Amino acid sequence: MFLFAMGFLLAILQPSTGQFPRACANTESLLRKECCPPWDGDGSPCGELSSRGFCQNILLSQAPLGPQFPFSGVDDREDWPSVFYNRTCKCEGNFMGFNCGECKFGFSGLNCTERQLRTRRNIFQLTTSEKNRFLAYLNLAKNTPSQDYVIATGTYIQMNNGSNPTFRNINVYDLFVWMHYYASRDTLLGGSNVWRDIDFAHEAPGFLPWHRAFLLLWEREIQKITGDENFTIPYWDWRDAEDCVVCTDEYMGGRHPTNPNLLSPASFFSSWQVICTRSEEYNSREALCNATSEGPILRNPGNNDKSRTPRLPSSAEVEFCLSLTQYESGSMDKMANYSFRNTLEGFADPRTAISNISQSGLHNALHIYMNGSMSQVQGSANDPIFVLHHAFVD
């Protein structure tokens, strides 16, 4: 699973900064299996005339696969993005993006040569205007169509091997909800058969770098639609919290006065519709989530299974995790012992670092504690608390 997760991460970072660039979501690109769009600055593929990059065959790892996924050639995410494209832009220097039209993270300027340091801040240390701007940016992202990316509503086979593309527009916020779903969804094996024991973004060494790239891309897209190049996602420091202190109408939405599973109508998050939460339905239809609205955000913090997650994580547990010296160990999955990644992800006891999948610690504890949309892995990014949580994990 490590190879799958890291392969997916590398595909996002280079050569493609998104799942499906709009410029390549067409029959010609899919049949040629090439995604090398022109850069607007000079009109050449990958900005080659300006030495930003060039079109090349993708490079795939030749390392043997692990035992966690006993299939080959059945999932579009294997050796990403080779099922859809085997030639993409290879960007040079500090350029990145599906057409090498952007700067790598941490760089800015006309030629991407200027170092730029951005700092994520505790949401409770933002001024009222800064906090309100952050909330407004999230709402803007939820209501702004993505200009650069689309989502796939069918598998490559369902697209008749590229000759019948099925893609759909999506707003900027839901683009990332869908990406998180797509990385963690089940594998469709044909008929009623699915393989559930696979996740390209969790339960493996790629968990932390995948989510880091994910957040950086999310920040970048919000920077683009707002014109605020200094925007960063704030974090919620949940160590030793007695309850969900961000669950107020001033912040991420309070509790509904008559239905504890819903958000307060005083929060504009209460009007948001979730997507990609019905995995069993998609599996039964042998279909992908097509971003159709599926109802309001669900959240009932603290009313979770106490035998699994009795409380929010403590400072002592975080400090113990940070004292671990091995990033990864053993089986490199949720059964790994003394693994920093597995302990932080929450499959190992945060006091001993011994795997215990009957409990949910650290990162996992927050998801379970929220007892609603956040507690469903595939659709967890629907709840905007997700970004605060993962910014703190990062």
*Would you kindly find the accessible area of residue 390, with a 1.4 Å probe and non-protein molecules such as ligands, DNA and RNA excluded, rounding to the nearest 10 Å²?*
10
*Surrounding net charge for residue 145, when Lys and Arg each add one and Asp and Glu each subtract one, Cβ distance under 12 Å*: 0
*asked:* Defining a contact as two alpha carbons under 8 Å apart and six or more residues distant in sequence, what relative contact order in percent does the chain show?
replied: 16
*Residue-span extension gain [residue 351 to residue 192] - 0.36 nm each, minus C-alpha spacing*: 53.1 nm
*Summarise the accessible area of the chain (1.4 Å probe, protein heavy atoms) by the percent that is carbon and sulfur.*
51
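I'd like to check one number: the per residue accessible area of segment 315-360, probe 1.4 Å, reported in Å² as a whole number.
On a per-residue basis, segment 315-360 sits at 48 Å².
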*How far, in nm, would the chain grow between residue 120 and residue 72 when pulled straight, counting 0.36 nm per residue and subtracting the alpha carbon separation?*
13.3 nm
_Distances longer than 17 Å among the Cα atoms of segment 315-360: what percent of all pairs is that?_
15
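Looking at this model, which pairs from 142/306; 224/334; 90/131; 33/224; 224/306 are more than 31 angstrom apart at the alpha-carbon? Walk me through the numbers before you get to the answer.
On the way: 142/306 33 Å; 224/334 36 Å; 90/131 38 Å; 33/224 28 Å; 224/306 42 Å.
The answer is 142/306; 224/334; 90/131; 224/306.
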*Putting +1 on Lys and Arg Cβ atoms and -1 on Asp and Glu Cβ atoms, find which of 230, 101, 379 reaches farthest to the positive end of the dipole of the chain.*
230
*Points 7 angstrom from Cα along the Cβ direction at residue 160 and residue 293: gap in nanometres?*
3.3
*Can you sort 235, 182 by 1.4 Å-probe accessible area, starting with the largest?*
235, 182
*What do you get for Rg/Rh over segment 258-319 if you use C-alpha atoms and the Kirkwood form of Rh?*
1.11
_the chain - share of DSSP beta bridges that are antiparallel (%, nearest 5)_ = 90
*Which entry is the computed Cα extents along the principal axes in Å for this structure: (1) 56, 49, 43; (2) 104, 67, 48; (3) 65, 58, 42?*
(1)
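The values are calculated or read from the model by the stated rules, or taken from the named source; none is laboratory data. Remember, predicted model here, so these are calculated numbers, not experimental data. Here the Cβ is made from the backbone with ideal geometry for all residues, glycine too, and neighbour counts use every protein chain on show. Side chains included, ligands, DNA and RNA excluded: accessible areas come from the protein's heavy atoms. Shrake-Rupley method; radii C 1.70, N 1.55, O 1.52, S 1.80 Å.
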